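The values are calculated or read from the model by the stated rules, or taken from the named source; none is laboratory data. A quick note: this is a predicted structure, and the numbers were derived from the prediction, not measured. Reconstructed Cβ throughout: ideal geometry from the backbone, glycine too, with neighbour counts over all protein chains shown. What goes into the accessible areas is simple: the full protein's heavy atoms, side chains included, and nothing from ligands, DNA or RNA. Shrake-Rupley method; radii C 1.70, N 1.55, O 1.52, S 1.80 Å.
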Amino acid sequence: MTTKGARTKARMIDTTLELIQTRGYHGTGLARITDASGAPRGSVYFHFPGGKDELVVAALDRVGAEFTGLLEALLAEGRTAAEIVAAVFDDLAARLGRSGFAAGCAVASVAVDAATDNPVLQQSCARVYESWRVVLERVLARDGMPDAARLAGVIVSLVEGATTVARARHDVSPLVDARAVALDLLGAAR
């Protein structure tokens with residue numbers, strides 16, 4: 001059983017994540033977070049003494065863990081590297097479509113909006129991207145792909161770039177094209 005405080009904290013993290021995905025870092029203020037989450041205003045600094053940045057880091061950690069969990073689950077199912085990479089692109093295209101292209105990647109949003117001027121957020125974004133790259137590297141190495149570390153980094157970059165372009169264009173074709181390129185890099189049939 002979770003406490004009321006734990007539920008409030010989780011609701012604020014969830015709300016922050018949703019707002020960052022749709023409004024970016026600078027468009028996500030504390031008042032908007034508390035209003036949308038139904039949390040009392042004082043609860044932000046109670047749960048997140050570091051304020052907005054600590055709350056954003058918690059939201060990025062959540063999305064990072066969710067995506068890493070997806071990769072780990074696909075790996076546990078015994079899927080090949082090509083199947084996992086294809087599933088990632090397919091999942092992101094479906095998510096963008098369901099949101100009407102309103103919800104992009106929270107990590108990319110923060111990286112573009114605030115990471116340049118904020119070392120805490122820059123490190124958080126870098127940590128999340130690295131966690132994704134490490135899991136992909138493990139999958140690629142398991143399947144005997146040469147230069148798995150570099151290839152994993154390229155695939156993370158393809159995913160993030162294609163997601164951003166797809167969102168801007170309101171069209172999943174950049175993800176479809178990036179998926180094909182990634183599979184070509186893996187030497188897999190599309």
Exercise for review: Being open to solvent by 20 Å² or more (accessible area, probe 1.4 Å) and outside any helix (DSSP H, G or I) is the filter here, so list the residues in the stretch 108-129 that pass it.
Suggested key: Thr116, Asp117, Asn118
Check your understanding: Could you say whether any residue in the stretch 143-155 is closer than 30 Å to Gly51 by Cβ and open to solvent by less than 60 Å² (accessible area, probe 1.4 Å)?
Key -> no
**Study point:** Filter result for the condition that a residue is free of Cβ contacts under 8 Å to residues at least 12 places away in the same chain, open to solvent by less than 40 Å² (accessible area, probe 1.4 Å) and not basic (Lys, Arg), over Ala10, Ala82, Ala76
**Key:** Ala10
Review point. Within the stretch 78-107, can you find the residues that are in a helix (DSSP H, G or I), more than 18 Å from Arg62 (Cα to Cα) and aliphatic (A, V, I, L, M)?
Key: Ala81, Ala82, Ile84, Val85, Ala86, Ala87, Ala93, Ala94, Leu96
Exercise for review: All but one of (1) surrounded by fewer than 21 Cβ atoms within 10 Å (Cβ to Cβ); (2) under 22 Å from Gly100 (Cα atoms); (3) more than 18 Å from the chain's Cα centre (by Cα) hold for Gly29, so report the exception by its number.
Suggested key: (2)
Review point. Could you count how many residues in the stretch 111-140 are touching a Leu at 6+ places or on another chain (Cβ under 7 Å), free of Cβ contacts under 8 Å to residues at least 40 places away in the same chain and under 28 Å from Ala81 (Cα atoms)?
Key: 0
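Rundown of residues vs (1) hydrophobic (A, V, I, L, M, F, W, C); (2) touching a helix residue (DSSP H, G or I) at 6+ places or on another chain (Cβ under 8 Å); (3) under 13 Å from Leu17 (Cα atoms), yes/no style:
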position: Arg62; (1), (2), (3): no, yes, yes
position: Arg79; (1), (2), (3): no, yes, no
position: Val85; (1), (2), (3): yes, yes, no
position: Val88; (1), (2), (3): yes, yes, no
**Study point:** Hits in the stretch 42-60 (condition: within 18 Å of Thr3 (Cα to Cα) and not aromatic (Phe, Trp, Tyr))
**Key:** Gly42, Ser43, Val44, His47
Review point. For the stretch 1-36, what are the residues that are assigned to a helix (DSSP H, G or I), closer than 15 Å to Glu54 by Cβ, touching a Lys or Arg at 6+ places or on another chain (Cβ under 9 Å) and not hydrophobic (A, V, I, L, M, F, W, C)?
Key: Thr15, Thr16, Thr34
